[in-house]
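Encoded as structure tokens, the structure appears first; notes follow it.
The values are calculated or read from the model by the stated rules, or taken from the named source; none is laboratory data. Since we're looking at a predicted model, the values are computed, not measured. Neighbour counts run over all protein chains shown; Cβ positions are idealised from the backbone, glycine included.
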Amino acid sequence: QLPPHVWGAQPPPGRSRAPRERRPLFVPFATATAAAALVVASLFAVQADRTREQLDAERAQSREIAHVLAAPDARAGTGKDAAGRSITVVASAQEGDAIVTLSGYDDPSGGRVHQLWLMRPDAAPRSLGLFGGGDTPLVATDLDKSATSLAVTVEPGGGSTQPTSQPIVQLALKSVGFGE
């Protein structure tokens, strides 16, 4: 700007400018960084919550397994198919619970699952649950003492209300104290 004596007392109209506020360049950068930090913190919180829920479920399953193994009448049995793959059961007829593990079976393809069935005389098969994959055991509860066998079928994802295929492996429960 020119000093006032050049123009007289006032500069000519329309020639003056309001002073411009200077914003530091780091303000937008700091805002973007803070927003990104909030997003990352939120993602970590969601993941931590999922991990905690999964850990709680695994602890509950561990307690159920320990309960079956500690039963005074706990007995183990194994059944094999023609290819040598197996179903292993540790059961307590007194408690009506069993731990069931599949060995040697690949996870079914096409979104299908392995489903465990309780077989009883003169009754429709009753689903005991879906295997989680790999060698993860399934804890079956509320088994009927008259049950004769456990059977595993391959079912559509989410399982079925009744078996839709022939069993891939079956175990007579007499070997672990049921159906006697």
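For segment 6-53, the set of residues classified as modelled with pLDDT under 75, among the basic types (Lys, Arg) and under 60 Å from the mean Cα position of the chain (by Cα) consists of Arg20, Arg22, Arg23, listed by residue number.
Consider segment 45-70 and keep the residues that are among the aliphatic types (A, V, I, L, M) and within 17 Å of Thr101 (Cβ to Cβ). The one that is surrounded by the fewest Cβ atoms within 10 Å (Cβ to Cβ) is Ala66.
Checking each residue in segment 122-143 for being part of a loop (DSSP other than H, G, I, E, B), within 21 Å of Gln162 (Cβ to Cβ) and either without any contact (Cβ under 8 Å) to a residue 40 or more places away in the chain or hydrophobic (A, V, I, L, M, F, W, C) (or both) picks out Asp122, Ala123, Ala124, Pro125, Phe131, Leu143.
Taken together, the residues in segment 144-157 that are farther than 25 Å from Asp73 by Cβ and either within 14 Å of the chain's Cα centre (by Cα) or assigned to a loop (DSSP other than H, G, I, E, B) (or both) amount to 2. When segment 158-178 is filtered for residues that are under 15 Å from Ala76 (Cα atoms) and either of a type in the set (A, V, I, L, M) or assigned to a loop (DSSP other than H, G, I, E, B) (or both), the ones remaining, listed by number, are Leu171, Ala172, Leu173, Val176, Gly177, Phe178.
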